[in-house]
Amino acid sequence: MIRAKIHPTALIDPGARIGAGVEIGPFSVAGPQAVIGEKTIVQSHVVIEGEVGIGTGNFIGHGAIIGAPPQDVSFSPERKTKVEIGNDNVIREYCTIHRGSPEGSATKIGDRNFLMAGAHIGHNCLIGNNVVIANNCLLAGHVRVDDGAFLGGGSTFHQHMHVGRLVMVQGSSAFGKDLPPFVIAAERNFVFGVNVIGLKRAGFSATDRDEIKAAFKTIYLSGLNISQALEKAGTMKFGAPAREFLDFVTNARKRGICPLKRGANEELLI
């Protein structure tokens, strides 16, 4: 077994559980409820406090803070909440990941995600797998981001919103409504089309891509309201990916889905 390599200036509570092959850099701090899985690298000046479970093979950059209390005025310090992080994630410099706010809740990050420098993951966020969150993105509390999404740098996301699978968000954008899966989104609460290139890279068949585009056009370009468009879509034959898009729209939260930008480039639907 490869022993953990802990810099002599790091402050690791005796109660912390440190896996084999972990490296912890200078002046980092891990509290008594920290669990750090094997082969994880923790660079310098990292703070891990509260109940935090970190899986195997993660990289945590200089100055990251994981498990700090949520920025929620209703939060009470005696609440037992936590952060759960999976395997093979890259969490770059100065990211902040806050623990849950309601009693017994957690902020959760899956596997193989890439959080670039300065990203903020608010309390009770749910991040799937293979998500890229670029520099200085701000996710408020209870934001859900599904697998394979890309959030461009400097973008902001309102509390309780949902970003669907394989969404591509342009940098410096802002959103308070839900973003259905497979779309390109930008500016303030606008959708611009289908993420066709992302679908190709993810291995979606031509048939699935065409059906997703047909579902998109039914919702956004048919001239019907959402209820009417969903009723029409219910009469059409779609496979699982297009149905995923339509089910997301059906179950969107009370603020609804982001609208299509008028005059959006039709090439994004080709």
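The values are calculated or read from the model by the stated rules, or taken from the named source; none is laboratory data. Here the structure is a predicted model, which is why all the values come from computation and not from measurement. In this analysis, Cβ positions are derived from the backbone assuming ideal geometry, glycine residues included, and neighbour counts consider all displayed protein chains. With ligands, DNA and RNA removed, areas are computed over all heavy atoms of the protein, side chains included. Shrake-Rupley method; radii C 1.70, N 1.55, O 1.52, S 1.80 Å.
Under the Karplus relation 6.51 cos²θ - 1.76 cosθ + 1.60, θ = phi - 60°, what is the ordered set of whole-Hz ³J(HN,Hα) values for region 187-196, x standing for Gly and Pro?
Once θ is set to phi - 60°, the couplings for region 187-196 become 6, 10, 6, 10, 9, 10, x, 9, 7, 4 Hz.
Which value in Å does the Kirkwood hydrodynamic radius of region 1-112 take, with 1/r averaged over all unlike C-alpha pairs and then inverted?
Numbers: mean 1/r = 0.0729 Å⁻¹.
Here the Kirkwood hydrodynamic radius works out to 13.7 Å.
How large is the accessible surface per residue of the chain, computed with a 1.4 Å probe and reported in Å² as a whole number?
Working: 12740 Å² over 270 residues.
Counting only protein heavy atoms, the per-residue value for the chain is 47 Å².
Label-point separation (nm) for Asn251 and Ala174, each offset 7 Å from Cα along Cα-to-Cβ?
About 3.0 nm, to one decimal.
Hey, in the GNM for the chain with a 10 angstrom Cα cutoff, which one of Ala185, Ala34, Ala206 fluctuates hardest?
The residue with the greatest mean-square fluctuation here is Ala206.
With springs connecting C-alpha atoms under 10 Å apart, model the chain as a Gaussian network and identify which of Leu138, Leu199, Leu115 has the largest mean-square fluctuation.
Leu199
Mind checking region 1-78 for trypsin sites (Lys or Arg not before Pro) that DSSP puts in a loop (not H, G, I, E or B) and that have at most 15 other Cβ atoms within 10 Å?
Numbers: sites: Arg3, Lys5, Arg17, Lys39; in loops: Arg3, Lys39.
For trypsin sites (Lys or Arg not before Pro) across region 1-78 that sit outside H, G, I, E and B with at most 15 neighbouring Cβ atoms in 10 Å, the list reads Arg3.
Given a cut-off of under 8 Å on Cα pairs at least six residues apart, what relative contact order in percent is computed for the chain?
Working: 786 pairs, mean separation 23.5, N = 270.
Over the chain, the number comes to 9 percent.
Please list Met168, Met1 in order of solvent-accessible area, largest first, computed with a 1.4 Å probe with all protein chains present. Show your work: numbers first, answer last.
Details: Met168 70, Met1 210 Å².
My answer, sorted largest first, is Met1, Met168.
Viscosity 1.567 mPa s, temperature 4 °C: Stokes-Einstein D of region 36-178 from its Kirkwood Cα radius, in µm² per second? It would help to have the intermediate numbers written out before the result.
Values: Rh = 14.6 Å.
Value of D from the Cα-based Kirkwood radius: 89 µm²/s.
Under a plain spin-label model, where a point goes 7 Å from the Cα along Cα-to-Cβ, how far apart in nm are Gln71 and Ile2?
Each label point is offset 7 Å from its Cα along the Cβ direction, giving 3.6 nm.
Taking DSSP loops as anything outside H, G, I, E and B, show the longest stretch in the chain free of GluC sites (Glu not before Pro) there with at most 11 other beta carbons within 10 Å. Could you put the intermediate results ahead of the total?
Working: sites that count: Glu78, Glu103.
Between exposed loop sites, the widest span is 104-270.
Mind jotting down the distance between the C-alpha centroids of region 72-122 and region 216-267, whole Å?
Centre-to-centre distance over Cα atoms comes out at 32 Å.
How big is the charge dipole of region 130-263 about its Cα centre, in debye rounded to the nearest 20, if each Lys and Arg gets +1 on its Cβ and each Asp and Glu gets -1 on its Cβ? Intermediate values should be presented prior to the final figure.
Working: 17 positive and 10 negative charges, 55 e Å.
My answer is approximately 260 debye.
Treating only the Cβ atoms of Lys and Arg (+1) and Asp and Glu (-1) as charged, compute the dipole magnitude of region 1-120 about its Cα centre; round to the nearest 20 debye.
Values: 11 positive and 12 negative charges, 39 e Å.
So the dipole magnitude of region 1-120 works out to roughly 180 debye.
Mind listing the Cα extents of region 187-270 along all three principal axes, in Å, largest one first?
32, 31, 22
Decide, for region 27-84, between rounded, prolate and oblate: order the square roots of the alpha carbon gyration tensor eigenvalues as a ≥ b ≥ c, take rounded if a/c falls under 1.5, and otherwise choose prolate if a/b is larger than b/c, else oblate.
Values: a/c = 2.43, a/b = 1.73, b/c = 1.40.
Judged from the Cα gyration tensor, region 27-84 comes out prolate (a/c at least 1.5, a/b above b/c).
How big is the accessible area of Thr207 in square angstrom, nearest 10, if you roll a 1.4 angstrom probe over the protein chains?
Answer for Thr207: close to 90 Å² accessible.
Please report, in debye to the nearest 20, how large the charge dipole of the chain is about its Cα centre when each Lys and Arg carries +1 at its beta carbon and each Asp and Glu carries -1 there. Numbers along the way, then the final one.
Values: 28 positive and 24 negative charges, 88 e Å.
Computed charge dipole of the chain: roughly 420 debye.
If you take the Cα atoms of region 115-226, find Rg, then find the Kirkwood Rh from the mean of 1/r over all pairs, what is Rg/Rh? Provide the component values of the computation, followed by the final result.
Values: Rg = 13.8 Å, Rh = 14.1 Å.
Across region 115-226, the Cα-based Rg/Rh ratio is 0.98.
Per q in 0.09, 0.11, 0.12, 0.13 1/Å, what log10 I(q)/I(0) does a Debye calculation on the alpha-carbon atoms of the chain return?
-0.45, -0.64, -0.74, -0.83
Counting only protein heavy atoms and using a 1.4 Å probe, what share of the accessible area of region 94-189 belongs to carbon plus sulfur, as a whole percent? Can you show the working numbers first?
Working: 1640 of 3210 Å².
Carbon and sulfur atoms account for 51 percent of the accessible area of region 94-189.
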